[in-house]
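The values are calculated or read from the model by the stated rules, or taken from the named source; none is laboratory data. Given the structure is predicted, the values throughout are model-derived calculations rather than measurements. So basically every Cβ, Gly included, is an ideal-geometry build from the backbone, and we count neighbours across all protein chains shown. What goes into the accessible areas is simple: the full protein's heavy atoms, side chains included, and nothing from ligands, DNA or RNA. Shrake-Rupley method; radii C 1.70, N 1.55, O 1.52, S 1.80 Å.
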Amino acid sequence: GLGMGMTAPVSITAFPAEDGSFQQKVKVSLRIPSQFQANPPCPTDESIKIEEREGMTIYSTQFGGYAKEADYVSYAAKLKAALGSDAAYRKDFYLCNGYDPPMKPYGRRNEVWFVKE
């Protein structure tokens, strides 16, 4: 029954297919605001889960604009190419992050994260 407002970033966990596109399965994550973290409200929808994300080290790239799936796939490919074969990171998923509300037309920030192994 409480409104928490929108948080940033909105993080989408993408599970890439062989061709680099997203599989049908994605997970959308929202940060619980600080004042609710000690005792988060219980979701009333069974499809919503509260989970704690452990600390992680990431490789990241940033880009602007209104991000679409094709943008995230493209920047993930660019990040993969920039890292080369020496960097150890999770290949089974990556994170697509958007930081801005939909009505913000300029100066938008999006990121792709690969989680270091």
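Rounded to the nearest 20 debye, the dipole size of the range 8-113 about its Cα centre is 280 debye, using +1 on the Cβ of Lys and Arg and -1 on the Cβ of Asp and Glu.
Got a number for carbon plus sulfur as a percent of the chain's accessible area, 1.4 Å probe? Don't skip to the end; give the middle numbers.
Numbers: 4400 of 8270 Å².
Percent of accessible area from carbon and sulfur atoms in the chain: 53.
Between the Cα long axis of helix 69-83 and the first principal axis of the chain there is an angle of about 60°, rounded to the nearest 10. Rolling a 1.4 Å probe over the heavy atoms of the protein chains gives the range 1-111 an accessible area of 72 Å² per residue.
Taking the range 1-81, which GluC sites (Glu not before Pro) meet the DSSP loop condition and have no more than 14 other C-beta atoms within 10 Å? Numbers along the way, then the final one.
Values: sites: 18, 46, 51, 52, 54, 69; in loops: 18, 46, 51, 52, 54.
In loop regions of the range 1-81 (DSSP not H, G, I, E or B), the sparsely surrounded GluC sites (Glu not before Pro) are 18, 46, 51, 52, 54.
Full extension of the segment from residue 60 to residue 117, taken as 0.36 nm per residue of separation minus the current Cα-Cα distance, would add 19.1 nm.
Annotation for the range 1-60 versus the range 83-111: alpha-carbon center distance of 14 Å. Assuming R0 = 30 Å, can you tell me the calculated FRET efficiency for the pair residue 85 and residue 17, based on Cβ-Cβ distance, to the nearest 0.05? It comes out at approximately 0.90. When the range 8-113 is described by a simple charge dipole with +1 on each Lys and Arg Cβ and -1 on each Asp and Glu Cβ, the residue from 74, 106, 88 located farthest towards its positive end is 106.
Helical runs assigned H by DSSP (4 residues or longer) give the chain a calculated mean residue ellipticity at 222 nm of -4500 deg cm²/dmol, each run adding -39500 (n - 2.57) before division by the residue total. Of the whole protein surface, residue 6 contributes about 140 Å² of accessible area at a 1.4 Å probe radius. Matching the structure-derived Rg and Dmax of the Cα atoms in Å against the labelled list (1) 13.4, 42; (2) 17.9, 54; (3) 15.5, 49 gives the label (3). Sites count as exposed loop sites when they are trypsin sites (Lys or Arg not before Pro), lie in a DSSP loop, and have at most 15 other Cβ atoms within 10 angstrom; the longest stretch of the chain without one is 1-30. Each Lys or Arg adds one and each Asp or Glu subtracts one; over the other residues with Cβ under 15 Å from the Cβ of residue 8, this totals +3.
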